[in-house]
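To keep things clear, I will list the structure first and then write my remarks on it.
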Protein chains: 2
Amino acid sequence: MSKRKYAIGVDFGTESGRAVLVDVANGRELATAVYNYSHGVIDEALPVEGKPVRLEPDWALQDPLDYVRTFKRAVPAVVRQAGVDPADVIGLGIDFTACTMLPVLADGTPLCELPDLRRNPHAWVKLWKHHAAQPEADRINATARAMGEPWLDRYGGKISSEWFFSKALQILDEAPEIYNAAGRLLEAADWVVWQLTGQETRNSCTAGYKALWSKRDGFPADAYFAALDPRLEQVIDTKLSRTIVPIGDRAGGLTAQAARWTGLKPGTPVAVANVDAHVCVPAATVTGTGRMVAIMGTSICHMVLGAEEKLVPGICGYVEDGIIPGLFGFEAGQSGVGDIFAWFVDNAVPPAYHAAARKRKLDLHQLLEAEAAQLAPGESGLLALDWWNGNRSVLVDVDLSGLLVGATLATRAPEIYRALIEATAFGTRVIVEAFDSHGVAVNEIITCGGLPEKNKLLMQIYADVTGRELKVSAAPQTPALGSAMFGAVAAGRAAGGYDSILDAAQKMARLKKQTFKPQPKAQKVYDQLYQDYLGLHDYFGRGGNDVMKRLKHLKSEVYIAKEPLNA
Amino acid sequence: MSKRKYAIGVDFGTESGRAVLVDVANGRELATAVYNYSHGVIDEALPVEGKPVRLEPDWALQDPLDYVRTFKRAVPAVVRQAGVDPADVIGLGIDFTACTMLPVLADGTPLCELPDLRRNPHAWVKLWKHHAAQPEADRINATARAMGEPWLDRYGGKISSEWFFSKALQILDEAPEIYNAAGRLLEAADWVVWQLTGQETRNSCTAGYKALWSKRDGFPADAYFAALDPRLEQVIDTKLSRTIVPIGDRAGGLTAQAARWTGLKPGTPVAVANVDAHVCVPAATVTGTGRMVAIMGTSICHMVLGAEEKLVPGICGYVEDGIIPGLFGFEAGQSGVGDIFAWFVDNAVPPAYHAAARKRKLDLHQLLEAEAAQLAPGESGLLALDWWNGNRSVLVDVDLSGLLVGATLATRAPEIYRALIEATAFGTRVIVEAFDSHGVAVNEIITCGGLPEKNKLLMQIYADVTGRELKVSAAPQTPALGSAMFGAVAAGRAAGGYDSILDAAQKMARLKKQTFKPQPKAQKVYDQLYQDYLGLHDYFGRGGNDVMKRLKHLKSEVYIAKEPLNA
């Protein structure tokens, strides 16, 4: 029997980076270590000496050196904790938030590391949730619509201010000197792989989901970029690259320097970078069609694989080779889920429930879950639209807002809590049915993320509402496991790893025994309520009554009139 | 100059009776005294010896002797407090909740005083909020519609389970022995006047608003009552009376016994009984057309006078001589106002605001009012339908429920509080405009009740939303003042009182100096929001989407299935 081999996955999150060391044979997690970024999310002022450089609202930056520090701290820590021989670590994979991008010199040096550019906010990493590029996103969409760009349909007809070219265009608009100084513009995911391997490698996942690339058509034409801004005409050839490497490939081997950072052997195979959500799919055992993966936390990301290209209205996008090589990876999302429950718990629960939770030694979510679980479907008399944070799929409209109907003088907090859970479940059902009715089958739902662990009632409601069995990933850290799996694939079978992510998933990924099956009685009630949810969904979301937009518009008008922007 | 004269008003409320002694010359309140009913609202079990007699849900009874005790305790107390000579008390008036009715012997003895009937709940007073007669109300409405009864239009097309014949029919349905034993069925308002004067006198206000009587057409025909139930054919002639006395008339003089109870002189003039809401109209200075009186508390009662008969769709009713002799009194209402704010404060405000209120030594309403006052109209981004307790006017539908739209993750409690206030103001505007557009002018709104005293922000919002100036009754106890005014009219000018309620109002009623004028800027924003309120109002309230009814229906279905009624 051969000696045990290990792979390491590094998951770069919003506040920290996490390394996990797993056994390649079975995916068992042997050690985990977290590095909290020294500068976290930079959203008030740059971490520079001298006169403070304040950031405008909606900005969110990071320091690229925090990523390097993650390698230096967390990777040696897991090797040490697990007590394994670094020579037995056969591969390394990483996943990242996206689109998180930065401008660098041609040699990879981040512009924010250059003393003369360090005080310019545009020289830093723009984090996924940097939301200051909405005007640029609007221009990208309007120009694409005007020119009849075919790729727009792949993204449900609208791209986001979070995406790559929105952020790139903001740099050009507001700091042309940074744009000009940048030899490369790239995803942080690809930048960290470059730091590990010494060579720039651009992954198909972020290119496809965030930068408008497709395997068949490449990037939008230069003429499109020129129409956006003449200075942008050559952006692909001068700042990006037309060489996009499918996820599942090997990016290279660890450089001597990266080997010193990590304590691993020089030459250790490194996988092409991945996105934190998408890397969960194989880590949740899904490498084929018919099984949706739902990453359930503050929001939900829904991913499902298809053998063919399909246009599904209102989804976030689909990318060939985007999740699993050889398949189309379809992505949709709900922009507010756990966030809505947190809002409710923080803002709308009276003291008596707080006191009861303390007495029963539960957190407030647990108490409300326990109370809400006493109710039968339909018993609250309430129905909500889960749009507290807008709607990402299938309406793709950030100006939609939350709605609650059915309140009476007898309505109590656990009833509203349950109605909010149900509303998010109805939102997932809309997405599931959009896929299913457009030829992308969803027969069951594999979940991962924080919510499935925390809230069993929610899981049962989702099963009852969607009519699908829900299963749960067994990995304590699903994204990091996925990255480690890609590390094992980068190593290849000859080195003790796997030749494909399918093989890796079969051995390394597994599900929990407990599943959540639809209950026919509850399903029947929810089928009825879902019709009313759809009625409200279409009335308020598809132009029947644009009151939500008018309220948002009025709110911002009033706010501007009340408080001058320069005050 | 003649010696000062006084009048006493007794206001019979839900939990207590209140006597007020006022100066007839100027309405100034010299003394007030409250008697808390010894049995309050009887809604769990009858106050009888022996084996308990439990009441079903929705029942609400009272003990008629509590009303007599009010005369015995509160009236002597105000005379004593004020230090006046009982001989200078020239008149007494009373007002009552309605419809609050009871079965009595032909001599006025309440059936619940008879030992052999005392343990029958139907022998007791049915309080206005006794809600167990809905099946009877449904039959009354259905039969009236089927027979094309013309009076139904006077009540907006539907009568309430709270009204006289709903309650009378419930007695007949469930306790025919009580119905048969009753020589008379009458309003408690008329019963207490009978106790004071020794003679039965039925007032035009309750007869008109609660018992389907009109000055021109009298009661519905015997044939209608026979169609409801053959045993009911002669109900008017056997249990009620066709002699209805207009409010403003004298019912009689105090009997020797009543003089002993009250400490007043035998023969002291007693006014025809009135209803607590309606008696506020002249007490709030309103004796003519064009000025709405709004009694603002847990709910709002809106009253306005008209010179002509007008059909206003969806109002509660209109009665000639119902409020002021010679005019038509129109009544409408909102079933939830202060109740909704109380619901919110009790059920949806997180601990931080409770703590802030304690710190600032405010109650939670005051704190939320102060915070909400910082917001400009439209700034919350929220809009609500104020139907937490159904809709009384103009939709007349108890199955409607509350709705909130516009919630985001940034929504905070004071914003919702303000949106709820605004929603009730929009609800008042719907009523004001219904009157105005059907020929019953509403040029300004005179308010009384608890809310105008407590919440200045609410008053300003109502002015801004309705576009009407709001004024406030100066009387500390508006209904009791109104009753005292009618007492002074019962005495007449020759005895030191007045010959008409118009004269009495001119001298005895007054308004506060502070008024609330519409602010043009706020009006403009609210005009815009009102259009959206109307859009939602009609969509959810007039059949565009009956989701509220379906939710209520489902809730009761589920509830019944879950918890057998006999469990």
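The values are calculated or read from the model by the stated rules, or taken from the named source; none is laboratory data. Worth saying up front: this structure is predicted, and the values here are computed from it rather than measured. Using ideal geometry, Cβ is built from the backbone for each residue, glycine included, and neighbour counts are taken over all protein chains shown.
A few comments on the model shown:
- Test: residue in the range A:44-64 that is closer than 28 Å to A:Val79 by Cβ, of a type in the set (A, V, I, L, M, F, W, C) and in contact (Cβ under 8 Å) with a residue 24 or more places away in the chain: no
- A:Arg242, sole failed condition from (1) surrounded by fewer than 19 Cβ atoms within 10 Å (Cβ to Cβ); (2) within 14 Å of chain B (Cβ to nearest Cβ): (2)
- Just one of (1) within 13 Å of chain B (Cβ to nearest Cβ); (2) of a type outside the set (Ser, Thr, Tyr); (3) over 26 Å from A:Thr424 (Cα atoms) fails for A:Gln506. It is (1).
- From A:Ala133, A:Ala137, residue being under 26 Å from A:Trp59 (Cβ atoms) and either more than 19 Å from the chain's Cα centre (by Cα) or buried (at least 23 other Cβ atoms within 10 Å of the Cβ) (or both): A:Ala133
- Residue match in the range A:416-427 (condition: closer than 28 Å to B:Ser299 by Cβ and in contact with a helix residue (DSSP H, G or I) (Cβ under 8 Å, 6 or more places away or on another chain)): yes
- Complete set of residues in the range A:91-110 that are buried (at least 17 other Cβ atoms within 10 Å of the Cβ), out of contact with any strand residue (DSSP E or B) (no Cβ under 6 Å at 6 or more places or on another chain) and aliphatic (A, V, I, L, M): none
- Filtering A:Ala494, A:Ala522, A:Ala504 for residues that are hydrophobic (A, V, I, L, M, F, W, C), more than 17 Å from A:Thr287 (Cα to Cα) and in contact with a helix residue (DSSP H, G or I) (Cβ under 6 Å, 6 or more places away or on another chain) leaves a single hit, A:Ala522.
- Looking only at residues of the range B:489-509 that are touching a strand residue (DSSP E or B) at 6+ places or on another chain (Cβ under 8 Å) and not aliphatic (A, V, I, L, M), we find that the one that is surrounded by the most Cβ atoms within 10 Å (Cβ to Cβ) is B:Gly497.
- Some residue of the range A:493-515 being under 30 Å from B:Leu554 (Cα atoms), in contact (Cβ under 8 Å) with a residue 40 or more places away in the chain and either among the basic types (Lys, Arg) or in contact with a Leu (Cβ under 9 Å, 6 or more places away or on another chain) (or both): yes
- Failed item, numbered, when A:Leu169 is tested on (1) touching an Asp or Glu at 6+ places or on another chain (Cβ under 6 Å); (2) modelled with pLDDT under 95: (2)
- A single member of A:Met303, A:Met292 is under 14 Å from the mean Cα position of the chain (by Cα) and either in a loop (DSSP other than H, G, I, E, B) or modelled with pLDDT of 95 or more (or both), and it is A:Met303.
- Top-ranked residue of the range B:517-531 - restricted to ones that are under 30 Å from the mean Cα position of the chain (by Cα) and surrounded by fewer than 22 Cβ atoms within 10 Å (Cβ to Cβ), ranked as nearest to B:Val405 (Cα to Cα): B:Gln531
- Against the list (1) of a type outside the set (Phe, Trp, Tyr); (2) in a loop (DSSP other than H, G, I, E, B); (3) surrounded by fewer than 20 Cβ atoms within 10 Å (Cβ to Cβ), the condition A:Glu371 fails is (2).
- Single match in B:Thr70, B:Thr100 (criterion: touching a residue at least 40 places away in the same chain (Cβ under 8 Å) and either small (Gly, Ala, Ser) or out of contact with any Gly (no Cβ under 7 Å at 6 or more places or on another chain) (or both)): B:Thr100
- Unmet requirement for A:Thr428, which otherwise passes all of (1) crowded, with 24+ Cβ neighbours inside 10 Å; (2) under 30 Å from B:Val345 (Cβ atoms); (3) in contact with a His (Cβ under 9 Å, 6 or more places away or on another chain): (2)
- Hits in the range A:324-361 - residues which are away from every other protein chain (no Cβ under 11 Å), within 17 Å of the chain's Cα centre (by Cα) and part of a loop (DSSP other than H, G, I, E, B): A:Ile324, A:Val337
- Any hit, the range B:512-521, residues being within 30 Å of A:Leu385 (Cα to Cα) and within 11 Å of chain A (Cβ to nearest Cβ): no
- Elements of the type helices (runs of 4 or more DSSP H) sitting completely within the range A:382-491 and holding at least 3 residues that are within 14 Å of chain B (Cβ to nearest Cβ) and touching a residue at least 60 places away in the same chain (Cβ under 8 Å): these cover A:413-437.
- Scanning the range B:116-123 turns up no residue that is touching a Gly at 6+ places or on another chain (Cβ under 7 Å) and either assigned to a loop (DSSP other than H, G, I, E, B) or surrounded by 15 or more Cβ atoms within 10 Å (Cβ to Cβ) (or both).
- Residue in the range B:291-312 that is surrounded by fewer than 24 Cβ atoms within 10 Å (Cβ to Cβ), within 14 Å of chain A (Cβ to nearest Cβ) and either more than 30 Å from B:Thr255 (Cβ to Cβ) or in contact (Cβ under 8 Å) with a residue 40 or more places away in the chain (or both) present: yes
- Within the range A:124-160, the set of residues being assigned to a helix (DSSP H, G or I) and under 24 Å from A:Phe96 (Cα atoms) comprises A:Gln134, A:Glu136, A:Ala137, A:Arg154, A:Tyr155.
- The range A:164-183, residues that are more than 19 Å from A:Leu55 (Cα to Cα), touching a strand residue (DSSP E or B) at 6+ places or on another chain (Cβ under 9 Å) and crowded, with 22+ Cβ neighbours inside 10 Å: A:Phe164, A:Ala182
- For B:Val270, the conditions (1) surrounded by fewer than 24 Cβ atoms within 10 Å (Cβ to Cβ); (2) touching a residue at least 12 places away in the same chain (Cβ under 8 Å); (3) over 19 Å from the mean Cα position of the chain (by Cα); (4) not in a loop (DSSP other than H, G, I, E, B) all hold with the exception of (1).
- Listed by first and then second residue, the pairs with beta-carbon distance under 9 Å, at least 6 apart or on different chains, first residue in the range A:536-552 and more than 9 Å from every other protein chain (Cβ to nearest Cβ) and within 18 Å of A:Leu383 (Cα to Cα), second at pLDDT 95 or above and surrounded by fewer than 21 Cβ atoms within 10 Å (Cβ to Cβ), are A:Asp538/A:Gly544.
- Residue in the range B:328-343 that is crowded, with 24+ Cβ neighbours inside 10 Å, among the aliphatic types (A, V, I, L, M), closer than 30 Å to A:Asp346 by Cβ and in contact with a helix residue (DSSP H, G or I) (Cβ under 8 Å, 6 or more places away or on another chain) present: yes
- Condition met for A:Asp527 (more than 10 Å from chain B (Cβ to nearest Cβ) and among the acidic types (Asp, Glu)): yes
- Just one of (1) at pLDDT 95 or above; (2) farther than 17 Å from A:Ala98 by Cβ fails for A:Val312. It is (1).
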